Amino acid sequence: METTETLAPAKELSDYELERGKPMPSFIHGITQMRIGSTLSRLDDFVVGSEITLDLKPRVTPDILIFRKRKIDFQRDEKRISEMPLTVIEILSGTQGMENFDEKLPRYFEAGIQSVWLVQPFIKTIAVFLPNQEPQVFTKGELRDPATNISINLDEIFKS
């Protein structure tokens, strides 16, 4: 007697997931991204972007990117950028695990990115990674990134 095994149908990926190589963000992810982005956008010495694909292989699209201050040319747009940011920020949501983060981290540093923030909204924590150093973990009060001297108030980011 021959048996056949029924496989569950593969989950169809959305255009967002296919393009960015990561799951769709959740409500908390989106709120956290906006709070961090709006806080950082007040800084005069930097340009802050969201969901910009970096020209790395394989491609990667961090949630938030911090660049040196530069003039923005609104007449010339790019789908992938080769100029690396100073800092990238990855926000975990309930649908994302850390399995991709450990693959991205060395690639970010090899590309010249100076710091990487890993935001975990569920536990109200941000870890700041620098090349060849142990991460600095912040749970409340002021986060200060030694690579850029950027400071943000975690109590404002994670307020209910």
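The numbers here are math on the coordinates, done by the rules we state, and not lab data. The model shown is predicted, which means the values in this text are computed figures rather than measured ones. Note that we place each Cβ from the backbone using ideal geometry, even for glycine, and neighbour counts take in every protein chain shown.
Using every Cα-Cα pair within segment 45-160, state what percent have a distance larger than 26 Å. Every Cα pair in segment 45-160 considered, those over 26 Å come to 18 percent. Name the GluC sites (Glu not before Pro) in segment 63-160 that are in a loop by DSSP and that have at most 15 other C-beta atoms within 10 Å, would you? Counting only loop positions with at most 15 other Cβ atoms within 10 Å, the GluC sites (Glu not before Pro) in segment 63-160 are Glu78, Glu83, Glu99. Its Cα centre serving as origin, segment 26-160 has a Cβ charge dipole (Lys and Arg +1, Asp and Glu -1) of approximately 260 debye. Restricting segment 59-160 to chymotrypsin sites (Phe, Trp or Tyr not before Pro) that sit in a DSSP loop and have at most 16 other Cβ atoms within 10 Å of their own Cβ leaves Phe74. For the residue pairs Lys57/Lys159; Lys71/Lys124; Lys104/Lys140; Lys71/Lys104; Lys71/Lys159, alpha carbon separations beyond 30 Å are given by Lys57/Lys159; Lys71/Lys124; Lys71/Lys159.
Equivalent-ellipsoid semi-axes for segment 99-157 (Cα gyration tensor, √(5λ), whole Å, largest first): 20, 14, 8.
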